[in-house]
Structures are given as C-alpha cells and as structure tokens.
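Novice: Take a look at this one; I'll ask things after.
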Amino acid sequence: MGSRSARMTRSPNRPAGCARRRRNAGRAAGRRPSERSARRRRGSGPPPAATSRKRRPRGTAARRISATIRGVNTLRAVCVGGGLGAPTVMAGLRRHTDDITGLIAVTDSGRSTGKVRIALDVPAPGDIRSALTVLAEGDPALVKLFSHRFATDKSEELNGMAFGNLFLAALTQQEGSFLRAVEEASRLLGIRGRVVPVTLYNTHLCAKLADGSVVEEEVNVRAPGKAPIERIYLKDDDVHATDGSVAAIEAADLITLGPGSLFTTVCACLLVPEIARAIATAKGLVVYVANTTRQPGQTDGYGIADHVRVVRDYLGGSGLDAVLVNDDPPPDHLQQHYAERGLAYLEPTADEIAKVEAQGVRPVLAPIIDKWTGPRDLWLKQDTIRHDAGRVAEALVKLVGERRPRLRALS
C-alpha cells in the first residue's frame, strides 16, 4: 500500500484541470461543494471523520493483542488417550484455546462397547462417546441422553448399554463412515475442539504376559489377577492412523499423553505406527500426564519412573519431553481407601524423580488433583484419584510458555 503522498498524486493519464471542471459542472447543476472540501479550502473546522482503517496498537501488551488477533498466539494442542483422562485435559485446555484435537483410543471391548462392536462391526465407540460428552456445549438434554445407560433386568444385552454408543453406531451406518459419524455427533452436541478416532480400523488389543501366555481384547488385557503385561500389540498388522491426525500432531505446540490406563488406553494409541512416529519426531512439547495411582492388572508395583519408561518404549525410546506429576498428596484416609482396592497412590519420591531424570525426561511437579467428593460409578471401570482439569491445564500452558515465549499470553 502506497504512502499518503503517493495516493494523493494525480494520475498521469488524467488531464490537468479535470477535477476543477467537475467542480464547476457541479456548481452549474446546482450542487453545493461537500462540507469536507469546504473545510479543506478554509483550513478550519473539525477534523474529518475517522475511517474504518484502525491504527496498529503500540507497546508490548498491544503487540500481544495484535498477535492474538492474527492467530499467532493460538495454542495448538493434541491430547492422546481415552476414557476420562484425555477429555479431562481437553476440558481444561479449552479455557486457554479452541484449537484442541483429541486423538482417542478405539480398542475398548468392555461390556457396553463390546456388545456394539460385536453386533454392528464398528470401532469401539465408548471412549469417543466419553470425550464427546465431556466437551459438549450443546443442548443439555441431548448431552444427558448421550450419557444415558439403559437399566433393565429383562435384557442382558441392553442392561448397562450406553445410548451414546448406539447413537454413534447408528450414525456410522447412516453416514457410511465412523469418522463422519463422530463429526456429525460433534456437530449435534456442540463440541468445542475436535474428537478424532486414532484409527478407523476395527481392531483389538492383545498382550503377551510375563508367563508366556497371550490374552486378546482390551477387557482381558486390563483384567486383574493375571501375570504382568510384557508387551501389547494390535491383532491386525496393517492398521493406519485416521486422516489428518498426523498433520495435527505435526502442527501442535503441545501433545499430551494420558492420563489413563497405561497399556489399554495411552500406549494402545501409540500402537498405530504413524501416531508413534509423529509424536516421537514432533516439534511441539510432548508431555505425559502421569496417573495418580497404580492400576491392578496393568501397573501393579509400578512407580512413576516405570510409567515413563513404558511410554518411552512405545514411542521408540525418544520423543517424550516431560512428565507432569501430582505433588499434592491426598489425605491419608483417601490414600487408604484406594490402596485397599489395589490403587496405591503414586508418590513422587526423590528416588522416583531421579529415575525419571535419568531417562532424559523432565519431571514437572504441580498440585493437579481434584477435591474428592466420593467414589464414582464408572460402570465396571476402576475409580481413581481424579485430576483437576483446570490445574492440569494451567501447569501445561505454563510449561509450553517456558519453551515458546510467544504463547505466554495464553496463561
């Protein structure tokens, strides 16, 4: 755009005096010169009205405002996991940004989800449903209906069935695609952010145990009372990431893993090769949000450093920058309540922190647990000491801001 003097220069193709002839013609036709022209000739009067063109703000704060308007300060986050863990992180982060993508596990085979998978041949809708419900801002009646579980003693198939699972399966048949079904459900529920299945393949999780035996399907992999898990894998070899998921990871400023079941949720997502590679080579900050307790059947006897080691293994040994750990121990009676159920509190002892650092991962300690309001009924899933969405998000945003100063305005 040229300078003011350049804009006021007469066009070389316009004959000299043509403006004067137009003014004279206007007077002859009985039109009065504009007030603005008159003021210019008189050199007095009020200044011309402001145009729609705004001045650029000045100063540090103003520069941040301008940057935010241009989208430079928009935090781009990708949350990987499932259950209520990843959606909890997403719910906290949406207070800081709208650019959130949840890459959600689809290998669940629990009671309600398992029935839908068997009957209708779709990827597991349960964790997708949970993520959609947590992030929904639409009609409260529809959101409540989406979370509803049937209760009946007359049908074993329907008892405990989540309506949202049936809804997603119905949309899959109607739309001809599980991805389009999730997108349509997101629209109907008024989701702020994006929920994306980590893969569209209807595959199952398997595990080789320490005693050499093999178990298939997620519900059996997480079952307590078996030998320790040695490694997990997908039943189908040729499984690929959902279109757009790798690009979201590559563009992200922040990639979070968990919290949630270590093997059956977090690492299950990393079994999709493109997802693990994209995270391992990501330019954004990769943070594992550590669980608050051990989980019977998956992490018996584990410490925080063991969780970190497993995550790194499924990332190929690299790519994990930090682990966010709660350092606000719950009251003794609450720890006892969960310990009696095999859910021992994961304490960030000096020894555990040293072991984390020895793996080249930065431990970040913060008070990130929620106030206990009593046990939750999670329908055949184990209730643990829950994370506080707001506290987790604040710790994550602060951490990203330390690495990328341009995003500090978000915190």
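Novice: Using a 7 Å offset from the Cα along the Cα-to-Cβ direction at both ALA251 and GLN359, what is the distance between the two label points in nm, to one decimal?
Specialist: 3.1
Novice: For ALA344, list long-range residues whose amide hydrogen, built 1.01 Å from N in the peptide plane, is under 5 Å from its own amide hydrogen.
Specialist: The answer is ARG294.
Novice: Efficiency by 1/(1 + (r/R0)^6): what FRET value for LYS235 and ARG187, r their Cβ-Cβ distance, R0 = 35 Å, to the nearest 0.05? The partial results should precede the final answer.
Specialist: Numbers: r = 32 Å, r/R0 = 0.92.
Between LYS235 and ARG187 the formula returns 0.65.
Novice: Okay, moving on. Using only alpha carbon pairs under 8 Å that are at least six residues apart, calculate the relative contact order of region 186-284 and give it in whole percent.
Specialist: Once normalised by length, the contact order is 28 percent.
Novice: Okay, moving on. Keeping to pairs on different chains or 8 or more places apart, tell me how many lysine pairs in region 121-253 have Cα atoms under 30 Å apart. Mind showing how you got there, number by number?
Specialist: Details: LYS144/LYS154; LYS208/LYS226; LYS208/LYS235; LYS226/LYS235.
Number of lysine pairs found: 4.
Novice: Evaluate the relative contact order of region 181-220 (contact order divided by residue number), counting alpha-carbon pairs under 8 angstrom at least 6 apart; express in whole percent.
Specialist: After rounding, I find 25 percent.
Novice: Moving to a separate point now. If you project the alpha carbons of region 138-188 onto their three principal axes, what span does each projection cover, largest first, in Å?
Specialist: Cα extents, longest axis first: 34, 25, 11 Å.
Novice: Please list the three semi-axes, largest first and in whole Å, of the ellipsoid equivalent to region 182-312, using sqrt of 5 times the eigenvalues of its alpha carbon gyration tensor.
Specialist: 26, 18, 15
Novice: Treat every Asp and Glu Cβ in region 144-249 as -1 and every Lys and Arg Cβ as +1, leave all other atoms uncharged, and give the resulting dipole magnitude about the Cα centre to the nearest 20 debye.
Specialist: 520
Novice: Okay, moving on. Write down the Kirkwood hydrodynamic radius of region 176-227, to one decimal in angstroms, obtained as one divided by the mean of 1/r over all alpha carbon pairs. Provide the component values of the computation, followed by the final result.
Specialist: Numbers: mean 1/r = 0.0726 Å⁻¹.
About 13.8 Å, per the Kirkwood formula over Cα pairs.
Novice: Moving on to the next point. What are the ³J(HN,Hα) values, in whole Hz, obtained from phi via the Karplus relation 6.51 cos²θ - 1.76 cosθ + 1.60 with θ = phi - 60°, for each residue of region 124-134 in sequence order, with x given for Gly and Pro?
Specialist: 4, x, x, 5, 4, 4, 4, 5, 4, 5, 5
Novice: Another question, if that's okay. Which ³J(HN,Hα) values in Hz, rounded to whole numbers, follow from the phi angles of region 197-210 under the Karplus curve 6.51 cos²θ - 1.76 cosθ + 1.60, where θ = phi - 60° and Gly and Pro get x?
Specialist: Couplings: x, 5, 8, 9, 7, 8, 10, 10, 7, 10, 9, 9, 9, 4 Hz.
Novice: Tell me, what HN-Hα J-couplings in whole Hz come from the Karplus equation 6.51 cos²θ - 1.76 cosθ + 1.60 at θ = phi - 60° for each residue of region 234-249, using x for Gly and Pro?
Specialist: Residue by residue, region 234-249 yields 8, 5, 9, 6, 8, 10, 10, 6, 5, 3, x, 5, 5, 4, 5, 5 Hz.
Novice: Turning to a different aspect of this structure: Please compute the Kirkwood hydrodynamic radius of region 282-372 from all pairs of different C-alpha atoms, in Å with one decimal.
Specialist: 13.7
Novice: If you don't mind, another one. For ILE255, what residues show an amide H to amide H distance below 5 Å, using hydrogens built from the backbone and excluding near sequence neighbours?
Specialist: Amide H neighbours of ILE255, under 5 Å, 5+ apart: VAL78, LEU285, VAL286, VAL287.
Novice: Relative contact order of region 157-234: what whole-number percent is it, with Cα pairs under 8 angstrom and at least 6 residues apart?
Specialist: That works out to 20 percent.
Novice: To the nearest 0.05, how large is the calculated FRET efficiency for LEU209 and HIS333 if R₀ is 51 Å and r is the Cβ-Cβ distance?
Specialist: 0.90
Novice: Hey, what's the Cα Rg ratio for region 111-156 versus the globular rule of thumb, 2.2 N^0.38 Å? Each step should come with its number before you reach the end.
Specialist: Values: Rg = 12.3 Å, N = 46, 2.2 N^0.38 = 9.4 Å.
The reported ratio for this selection is 1.30.
A short reminder: the numbers here are calculations on the coordinates, not readings from a lab. Everything quoted here is computed from the prediction, not taken from an experiment. FYI the Cβ positions are ideal-geometry reconstructions off the backbone, even for glycines, and counts take in every protein chain you see.
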